[in-house]
Amino acid sequence: MIDPLERWGDLGDKPDYAGLLTFSALPYTQDPAELVGVDVAIVGAPTDDLVSDRPGARFAPRAIRAASCPPGPHLETGIDATKVLRIVDFGDAPVIPADPVRTHEAIERTVAEVVAAGAVPIVLGGDHSIAEPDVRACAPPNGAIGLVHFDTHTDTGTEVFGVEHSHGTPMYRLVEAGVVDPKRYVQIGLRGYWPGEREFAWQRERGITSFFMHDVRSLGIDAVVERALDVVGPGPTFLSVDVDVLDPAFAPGTGTPEPGGMTSIDLLRACRELAARLELVGADVVEVIPTGVGSTDITALVAERIVREILTGLALRRRNRG
């Protein structure tokens with residue numbers, strides 16, 4: 001594999017508005033052969049065919065990339081993930097508008113290429129239905145993985161408006177398919193008015209752990225993270241972040257906003273800590289609807305920083321393990 005730094009030079013020697021639009025000015029490739037030796041690959045999943053409310057998340061991968069800034073040290077931890085990990089932007093999955101079945105197949109195939117190369121995929125959604133192909137691609141054959149899921153909603157409906165394949169059903173489908181171990185599945189940030197008792201009864205029967213926003217407020221995010229780590233325990237785990245877990249003051253550009261959510265500072269800290277301590281095999285950030293350009297789009301900006309904190313956590317884990 002050609003060293004990306006030899007091909008593209010120092011990643012930080014150009015402004016963020018110049019050059020090819022990649023995440024944080026990272027080297028770009030869509031050649032699976034060039035994933036050999038890569039630690040993390042950014043993948044776009046630009047689709048919103050399965051939303052139940054506001055569309056627009058198909059434009060999020062591009063907006064998140066546009067909101068990113070050149071790499072540099074994380075000022076709180078003192079670590080630059082790009083100096084510790086080999087990271088590339090693997091482009092977007094070849095989605096097909098108005099054909100969610102083939103789109104999900106394309107997303108799963110693209111993420112699987114990253115996994116097959118031994119890299120950790122971080123997927124830029126897209127609506128939350130993309131979690132189904134993402135997690136499937138990251139799970140070992142005939143094995144279930146753990147899941148930490150930040151969201152206003154559980155996404156464990158059997159259907160939404162009579163449709164079984166929706167952004168409100170992926171977690172139900174993953175658990176029922178045996179891809180996610182429900183006893184290693186933690187939800188954080190739930191609030192609002194959906195789903196109902198039927199979905200929560202199903203969750204209780206399977207041993208899924210839920211932290212509502214009142215738990216986050218009363219316990220504090222650090223305690224919630226510790227409890228989540230205890231529940232998930234060792235073993236391969238996926239991290240899925242729906243930006244509507246944030247209060248709309250911090251993420252107004254999303255399909256189903258719900259007041260009373262998390263602050264950006266708590267979510268960013270939590271993502272970094274979880275990535276540093278979990279056996280993370282993949283992650284996604286979903287449900288961003290762009291509302292501006294570049295860093296003026298505060299929802300895309302916070303989504304970009306979520307990815308950056310996950311990368312920082314992975315770099316910390318690498319450094320701490322020597």
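Condition first: open to solvent by less than 60 Å² (accessible area, probe 1.4 Å), more than 16 Å from the chain's Cα centre (by Cα) and on the phi < 0 side of the Ramachandran plot. Now tell me which residues in the range 55-66 satisfy that.
ALA66
Does the range 165-178 hold any residues that are assigned to a loop (DSSP other than H, G, I, E, B) and more than 17 Å from the chain's Cα centre (by Cα), and which are they?
Residues satisfying the conditions are HIS165, SER166, ALA177, GLY178.
Mind listing just one residue for me: the one in the range 85-108 that is within 20 Å of VAL180 (Cβ to Cβ) and free of Cβ contacts under 8 Å to residues at least 60 places away in the same chain and, of those, surrounded by the fewest Cβ atoms within 10 Å (Cβ to Cβ)?
So the residue we want is GLU105.
List pairs: first in the range 138-151 and part of a loop (DSSP other than H, G, I, E, B), second at pLDDT 95 or above and open to solvent by 10 Å² or more (accessible area, probe 1.4 Å), Cβ under 7 Å, 6+ apart or cross-chain?
ALA139/VAL179; PRO140/PRO236; ALA144/GLY178; ALA144/VAL179; ALA144/ASP181
Search the range 21-39 for residues being over 21 Å from ALA106 (Cα atoms) and assigned to a helix (DSSP H, G or I), and hand back the single one that is least open to solvent (accessible area, probe 1.4 Å).
Looking at the filtered set, the residue picked out is SER24.
Restricting to the range 269-322, name every residue that is under 20 Å from ALA66 (Cα atoms), assigned to a helix (DSSP H, G or I), touching a strand residue (DSSP E or B) at 6+ places or on another chain (Cβ under 6 Å) and among the hydrophobic types (A, V, I, L, M, F, W, C).
ALA303, ILE306, VAL307, ILE310, listed by residue number.
Per-residue answers, yes or no, for (1) under 18 Å from the mean Cα position of the chain (by Cα); (2) open to solvent by less than 40 Å² (accessible area, probe 1.4 Å):
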| residue | (1), (2) |
| --- | --- |
| ASP181 | no, no |
| GLY196 | no, yes |
| THR209 | no, yes |
| MET213 | no, yes |
| ASP244 | yes, yes |
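Could you look through the range 274-294, keep only residues that are crowded, with 20+ Cβ neighbours inside 10 Å and of a type in the set (Asp, Glu), and pick out the one that is farthest from VAL225 (Cα to Cα)?
Within the range 274-294, the match that is farthest from VAL225 (Cα to Cα) is GLU287.
Output the number of residues of the range 77-135 satisfying the condition of being among the hydroxyl-bearing types (Ser, Thr, Tyr) and under 17 Å from PRO32 (Cβ atoms).
Selection size over the range 77-135: 1.
When the range 193-209 is examined, which residues are found to be modelled with pLDDT of 95 or more and in contact with a Ser or Thr (Cβ under 7 Å, 6 or more places away or on another chain)?
Of everything in the range 193-209, those that are modelled with pLDDT of 95 or more and in contact with a Ser or Thr (Cβ under 7 Å, 6 or more places away or on another chain) turn out to be TRP202, GLN203.
Would a scan of the range 216-237 turn up a residue that is touching a Cys at 6+ places or on another chain (Cβ under 8 Å) and in contact (Cβ under 8 Å) with a residue 12 or more places away in the chain?
Yes, because at least one residue in the range 216-237 is touching a Cys at 6+ places or on another chain (Cβ under 8 Å) and in contact (Cβ under 8 Å) with a residue 12 or more places away in the chain.
Name the pairs: first residue in the range 116-130 and farther than 12 Å from ARG58 by Cα and at pLDDT 95 or above, second residue part of a strand (DSSP E or B) and hydroxyl-bearing (Ser, Thr, Tyr), Cβ to Cβ under 9 Å, at least 6 apart or on different chains?
If the second residue must be part of a strand (DSSP E or B) and hydroxyl-bearing (Ser, Thr, Tyr), no pairs are left.
The values are calculated or read from the model by the stated rules, or taken from the named source; none is laboratory data. Nothing here was measured: the structure is a model prediction, and the numbers come from that model. Glycine also receives a Cβ, built like all others from the backbone with ideal geometry; neighbour counts cover every protein chain displayed. Note: areas computed on protein heavy atoms with side chains; ligands, DNA, RNA excluded. Shrake-Rupley method; radii C 1.70, N 1.55, O 1.52, S 1.80 Å.
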